[in-house]
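Nothing in this text is a laboratory measurement; each read-out follows from the coordinates by a stated rule. Please read these numbers as outputs of a predicted model, since none were measured by experiment. All Cβ positions, even for glycine, are placed from backbone atoms using ideal geometry, and neighbour counts span all protein chains on display.
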Amino acid sequence: MASAGRSRKRGGSPARNQGLDDTANRLHSVAIHLLRGLRRVDRESGLSGPRLSALSVIVFRAPVTLTDLASAEQVRVPTMSRLVRTLEASGLVVRRTDPADGRVVLFRATPKGERLLQAGRERRVASLGHALARIPTADREIIRKALDVLEPLAASVREPIA
């Protein structure tokens, strides 16, 4: 019954919190299923999911250190080091010394890496667009309006990179 005690502390009733829990559970499930479905089109990139994910962080947050990259991807530094070496060997990422501190190594995507990631994003968006086209216009409008709420929600749960 600890959850009932917590709900009273937050000022909510157990029934209200159950509704929040149900909504959170459904949202989590839908998000996971959408991402898993869209991963199928990622195979065309020739990179594994973890490599694409790391490349995405590098493209959108560059320059990034290995430690920050490992933190963003929730893996240990040695794991990320191996992963980044494969991206470098493929010509998708380059490492440079930080001009402000020669002991720090920074990673940036190459133009080839940026193009590969952009092409993958375009494939995912196209795939999702085809799926959206199969549902009624009124439902697409509901999704569009829900995005106004979901985007700030996603930003509020995103873990900031150090």
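Couple of notes before you dig in:
- Amide H contacts under 5 Å for Val104: Asp98, restricted to partners 5 or more places along the chain or on a different chain, H placed in the peptide plane at 1.01 Å from N.
- In the elastic network of the chain, a GNM with C-alpha springs shorter than 10 Å, the most mobile of Asp98, Asp68, Asp21 is Asp21.
- Degrees separating the helix 14-42 axis from the principal Cα axis of the chain, which is the longest one: 40 degrees
- The stretch 70-113 and the stretch 17-39 have Cα centres lying 32 Å from one another.
- Convex hull (Cα only) mean projected area of the stretch 43-119, reported in nm² to one decimal: 4.8 nm²
- Quarter of the Cα convex hull surface for the stretch 85-133, i.e. its orientation-mean projected area (nm²): 4.6 nm²
- Exposure proxy shown here: for Val94, Val149, Val64, the number of other Cβ atoms within 10 Å sets the order, fewest to most, as Val149, Val94, Val64.
- GNM result for the chain, Cα springs below 10 Å: residue of Ala31, Ala126, Ala70 fluctuating most strongly: Ala31
- Shape category assigned to the stretch 121-160 from the gyration tensor of Cα positions, a/c cut at 1.5: oblate
- Here the Gaussian network model covers the chain, with springs between Cα atoms less than 10 Å apart; of Glu151, Glu73, Glu114, Glu151 fluctuates the most.
- Two-decimal Rg to Rh for the stretch 14-157 - Kirkwood Rh, Cα set: 1.06
- Electrostatic tally near Gly102: other residues with Cβ closer than 14 Å to its Cβ, Lys and Arg +1, Asp and Glu -1, net +1.
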